[in-house]
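Engineer: Submitted below is the structure of interest, expressed as structure tokens.
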């Protein structure tokens, strides 16, 4: 049970922790906090862009296969 839950929720939780720590350090820290906020907020954004661009061909193939043929 724990293994399957970690497989499903591991990366979303890690990205959530990165985002939360990045936001918190951007609000309350200076110098090193500025650098960490860029890292903590940049990695989730880069992951979303990477997976978003990777998924485009699958979506087009799905829509093409669901069209009704005349």
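The values are calculated or read from the model by the stated rules, or taken from the named source; none is laboratory data. Computed from a prediction, not measured in an experiment: that's the story for all the values here. Quick reminder, even Gly has a Cβ in these numbers, built from the backbone with ideal geometry, and neighbours come from all protein chains shown.
Engineer: What number goes with the only condition from (1) part of a loop (DSSP other than H, G, I, E, B); (2) at pLDDT 90 or above that residue 30 does not pass?
Structural biologist: It fails just one condition, (2).
Engineer: Moving to a separate point now. Filter the range 1-35 for residues that are more than 17 Å from the chain's Cα centre (by Cα) and surrounded by 13 or more Cβ atoms within 10 Å (Cβ to Cβ) and give the result.
Structural biologist: 24, 25, 26, 29, 33
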